[in-house]
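To start, the structure under review is shown below, and the notes come after it.
The values are calculated or read from the model by the stated rules, or taken from the named source; none is laboratory data. None of these values were measured; they are calculated from a predicted model. Heads up, the Cβs are rebuilt from the backbone with ideal geometry, glycines too, and the neighbour counts pull from every protein chain shown.
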Amino acid sequence: MLAHTTLSKYGDYLPLYRQEDILSRSGIIIRRSTLCDWIAAVADLLTPMYNAMCHRVRRSRVIHTDDTGVKMLAEGQCQNCKFWTYVGDDANPFAVYEFSLTREGENPSRFLEDFEGYLQADAFSGYDQVYAKGKVIEVACMAHCRRYWWEAKETDSRRAHEAISYIARLYTLESQFEKSQLKGDALRDARQKHALPILTNFESWLTKEHANVLPKSPVGKAFTYTLNQWQALCRYTQDGALEIDNNIAERMVKLPAIGRKNWLFVGSENGGDRAAILLSVIASAKLCKVEPWAWLNAVLKELPIRMAAITASDIPPDLSDLLPDAWLKNNPKHRWQIDDIRQVERKRSRLQKSSKRKNLGG
């Protein structure tokens, strides 16, 4: 019941008053205040799991990050707050969230204080203090860059479409590399051979055309953004562990974004912190291809036993086998099959669209 209530709110985005209604239709009367107490207790219990996931994410070679807004109840009117997401690499496949009262650079700086590696993010200036320490290398997002050009196509169609065509060629290469299952050094070498010449020509075109546009026009803003981020935009070609864009973090940040449309707000700072914990454990389960209810149900049974052992031994419990990636290896029957089905359908749809474009071009 605890797993179902938690997953319904933070995986299916059902506010507690809706869950109260759903239960009542089956003749089960559980007031939302009781459900709220359960949610708070589950978040407190799962805090050691959350901390273990955060530790693993910080051990990554590459971290993807993004943020989204959420309102918090406050006297007078709601306060604008933030959820930040941090997504680890393949060796640490977790998505963790942090709640903050403001959107300031001190928030990612605190979370990433001990991190060394690549940080893939948008051009938010708050990350500059993270890069300033010299331990974290900036990697920009080509998808963000493309959006600026897409917004400019109505006012300067020729230049916008020419820039988009350069970016489209880079993404076509990435699709081919993925189809060939290139990884690591092989992927890096392929990008150096095939993507760098396109980037070089793109840079030459940008330098040539930049002087002929109004700086504050939509296309002028696209030029400025692209040139200012150029080194970071090209950095993905230097390491096969990097991505061309930050889309994985943007997909993960959609979870609290969809949630806020249903919950509307968090009740307090403590409520925001607890929401971040529960979003983290459910998002990480999905990212690891684990059926989230089965995993959460098992964890809520086992974790209290492990935590009780602390008082007897004063030795922190080892929770590594309960983390979703390790747990799935020991419980393969609980793989999240519906996600596999959706991925096959999406791949089939992409192939059909690609085939259709080729036929039209022919």
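A few points about this structure:
- Of everything in region 273-290 that is crowded, with 22+ Cβ neighbours inside 10 Å and either out of contact with any Phe, Trp or Tyr (no Cβ under 7 Å at 6 or more places or on another chain) or modelled with pLDDT under 95 (or both), the residue that is farthest from Thr85 (Cα to Cα) is Arg274.
- Pick from region 102-120, criterion at pLDDT 95 or above and in a loop (DSSP other than H, G, I, E, B), ranking: farthest from Gly271 (Cα to Cα): Glu116
- Region 307-362, subset of a type in the set (Asp, Glu) and either modelled with pLDDT under 80 or in a helix (DSSP H, G or I) (or both), residue surrounded by the fewest Cβ atoms within 10 Å (Cβ to Cβ): Asp314
- When Ile63, Ile39 are checked against the criterion of being β-branched (Val, Ile, Thr) and either in the same structural domain as Ile282 (by TED's automatic domain parsing) or more than 19 Å from the chain's Cα centre (by Cα) (or both), Ile39 stands alone in meeting it.
- Of the criteria (1) surrounded by fewer than 22 Cβ atoms within 10 Å (Cβ to Cβ); (2) touching a residue at least 60 places away in the same chain (Cβ under 8 Å); (3) out of contact with any Pro (no Cβ under 9 Å at 6 or more places or on another chain); (4) assigned to a helix (DSSP H, G or I), which one Leu242 fails: (4)
- Complete set of residues in region 13-59 that are part of a loop (DSSP other than H, G, I, E, B) and either of a type in the set (Gly, Ala, Ser) or loosely packed, with under 15 Cβ neighbours inside 10 Å (or both): Ser26, Gly27, Ile28, Ile29, Arg31
- Members of region 123-156 found to be surrounded by fewer than 17 Cβ atoms within 10 Å (Cβ to Cβ) and part of a loop (DSSP other than H, G, I, E, B), listed by number: Ala123, Phe124, Ala132, Lys133, Gly134, Lys135, Glu154, Thr155
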